[in-house]
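Visitor: Would you mind keeping the following structure in view while I ask a few things?
The values are calculated or read from the model by the stated rules, or taken from the named source; none is laboratory data. Not measured: the values here are computed from a predicted model. Here the Cβ positions follow ideal geometry from the backbone for every residue, glycine too, while neighbour counts run over all protein chains shown.
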Amino acid sequence: MQKQLYLIISTLLFSITTAFGQDIHRDTTDKKCFVGSTFFVLGNVLSQKNKPDFAQLNLGYRITQKDVVSIEFKTWKYAWSLGIPYGDSFEAPEEKFPGYIREFGIAFVYQRFWWKDLFTSIHIMNARQSFVDDDGNQLKKGYQMFNTYRLGYQFRFFKNKFFIEPSIAVTHRPIQTKMPQSFAQLNDKWPNYIIGEPGLHFGFNF
C-alpha cells in the first residue's frame with residue numbers, strides 16, 4: 001500500500017510542478033517559520049489492509065537561508081515489523097504481529113540546503129510504544145529511538161508560501177526496549193534499518 005500511495009502522490013507532485021513551475025529565487029529570509037506535515041496521512045483513507053491511523057505536525061524555524069530546525073509530532077500504528085523491505089514479505093500474512101504497535105513520537109530535525117533546493121536532513125525521534133493484542137488489550141509499553149537520514153529537494157509555489165519536499169531516506173532504529181515475545185520473534189527476523197524509504201513532506205511558510 002505504501003508503494004501505491006507514493007506512486008499516486010509522486011504523479012500528483014509532477015503534475016503540480018509542471019503546471020505551476022517553481023519560484024526561481026532561493027531567498028527565504030522573509031519567511032522564517034513554517035508549519036506542515038506529510039502527504040502520507042492520505043494512507044488513512046487509501047489503505048484498507050494496514051490502516052496506519054497516522055498523524056504528523058511539523059513546526060519549523062529557518063536559522064539562516066541554508067540551516068533549518070524543526071520539531072515533528074507523530075503518531076501511528078503498525079502491525080508488521082518496520083524492518084521488512086518492499087517485496088514478497090512486505091505486509092505478508094505470516095509476518096503480521098498478533099496485534100499492533102501504537103507509537104507517539106517527537107522528532108528533532110536539522111535540515112541543510114546545499115545546492116539550490118537540494119537538502120539533507122537528520123530526524124532524531126523518541127517514541128513511546130504500546131503493544132496491543134488482537135483483542136485490543138495492552139500487553140506492554142516500550143520505547144524506541146527512530147532516526148531518519150534524508151536526501152531531498154524542495155519545490156516552492158505561490159511566492160514561497162507553500163512547499164513540497166519529495167525525498168528518499170535511510171531509517172534506523174538504534175534503540176528498542178524489549179518487546180512482548182510474540183512480537184519480538186517476528187520483529188527480530190528483520191534488520192533495524194531500511195534503505196530507500198520514500199518521503200513527501202509539505203508545508204506553509206509564514
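Visitor: Of all residues in region 38-70, how many are over 13 Å from the mean Cα position of the chain (by Cα) and not acidic (D, E)? Spell out how you get there, then give the answer.
Guide: Initially, region 38-70 is screened for residues over 13 Å from the mean Cα position of the chain (by Cα), giving 44-51, 53, 59-70.
From the residues that got through so far, the ones that are not acidic (D, E) too are 44-51, 59-66, 68-70.
Summing the residues that are over 13 Å from the mean Cα position of the chain (by Cα) and not acidic (D, E) in region 38-70 gives 19.
Visitor: Conditions: (1) surrounded by 15 or more Cβ atoms within 10 Å (Cβ to Cβ); (2) in contact with a strand residue (DSSP E or B) (Cβ under 7 Å, 6 or more places away or on another chain); (3) touching a residue at least 24 places away in the same chain (Cβ under 8 Å). Q56 meets all but one. Number of the miss?
Guide: Evaluating Q56 over (1) surrounded by 15 or more Cβ atoms within 10 Å (Cβ to Cβ); (2) in contact with a strand residue (DSSP E or B) (Cβ under 7 Å, 6 or more places away or on another chain); (3) touching a residue at least 24 places away in the same chain (Cβ under 8 Å) leaves (3) as the failure.
Visitor: Among the residues of region 141-161, write down those that are assigned to a strand (DSSP E or B) and modelled with pLDDT under 95.
Guide: Selection gives R156, F157.
Visitor: Then there's this: Restricting to region 26-75, what's the tally of residues that are out of contact with any Gly (no Cβ under 9 Å at 6 or more places or on another chain), within 22 Å of E103 (Cα to Cα) and outside any helix (DSSP H, G or I)?
Guide: 5
Visitor: Where residues in region 94-116 are hydrophobic (A, V, I, L, M, F, W, C) and surrounded by fewer than 17 Cβ atoms within 10 Å (Cβ to Cβ), which of them is nearest to Q129 (Cα to Cα)? Talk me through it step by step, then tell me what you get.
Guide: The initial filter retains those residues of region 94-116 that are hydrophobic (A, V, I, L, M, F, W, C), namely 97, 101, 104, 106-109, 113-115.
Within this subset, residues satisfying the condition of being surrounded by fewer than 17 Cβ atoms within 10 Å (Cβ to Cβ) are 104, 106, 108, 114-115.
On the way: F104: 7, I106: 12, F108: 18, W114: 35, W115: 38 Å.
Ranking the candidates gives F104 first.
Visitor: Can you name the condition, by its number, that I63 falls short on among (1) touching a helix residue (DSSP H, G or I) at 6+ places or on another chain (Cβ under 9 Å); (2) loosely packed, with under 14 Cβ neighbours inside 10 Å; (3) farther than 21 Å from P166 by Cβ?
Guide: Only one criterion is unmet by I63, namely (1).
Visitor: Would you be able to tell me the number of residues in region 146-161 that are among the aromatic types (F, W, Y) and touching a Lys or Arg at 6+ places or on another chain (Cβ under 7 Å)?
Guide: Result for region 146-161: 1.
Visitor: Does region 137-146 contain at least one residue that is more than 20 Å from G105 (Cα to Cα) and either in contact (Cβ under 8 Å) with a residue 12 or more places away in the chain or not hydroxyl-bearing (S, T, Y) (or both)? Don't jump to the end; show me each part of the working.
Guide: Within region 137-146, the first condition is being more than 20 Å from G105 (Cα to Cα), and the residues that meet it are 137.
Filter once more, keeping what is either in contact (Cβ under 8 Å) with a residue 12 or more places away in the chain or not hydroxyl-bearing (S, T, Y) (or both): 137.
Within region 137-146, one or more residues are more than 20 Å from G105 (Cα to Cα) and either in contact (Cβ under 8 Å) with a residue 12 or more places away in the chain or not hydroxyl-bearing (S, T, Y) (or both).
Visitor: While we're looking at this one, here's another question. Please list, ordered by first then second residue, the pairs with beta carbon atoms under 9 Å, 6 or more apart or interchain, first in region 70-93 and closer than 20 Å to I106 by Cα and surrounded by 15 or more Cβ atoms within 10 Å (Cβ to Cβ), second among the basic types (K, R) and at pLDDT below 90.
Guide: These pairs meet every condition: K77/K51.
Visitor: Could you run through region 142-185 and say how many residues are out of contact with any Leu (no Cβ under 8 Å at 6 or more places or on another chain), hydroxyl-bearing (S, T, Y) and either within 19 Å of N205 (Cβ to Cβ) or crowded, with 20+ Cβ neighbours inside 10 Å (or both)?
Guide: 1
Visitor: Kindly provide the set of residues from region 171-190 that are touching a Ser or Thr at 6+ places or on another chain (Cβ under 9 Å) and hydroxyl-bearing (S, T, Y), ordered by number.
Guide: Narrowing region 171-190 to residues touching a Ser or Thr at 6+ places or on another chain (Cβ under 9 Å): 171-172, 183, 186-190.
The answer is T171, and nothing else.
Visitor: Kindly indicate whether F97 is hydrophobic (A, V, I, L, M, F, W, C), farther than 19 Å from P198 by Cα and in a loop (DSSP other than H, G, I, E, B).
Guide: In short, yes.
Visitor: Exposed (fewer than 14 other Cβ atoms within 10 Å of the Cβ), out of contact with any Lys or Arg (no Cβ under 7 Å at 6 or more places or on another chain), part of a strand (DSSP E or B) and β-branched (V, I, T): is that true of I122 in this structure?
Guide: Answer is no for this residue.
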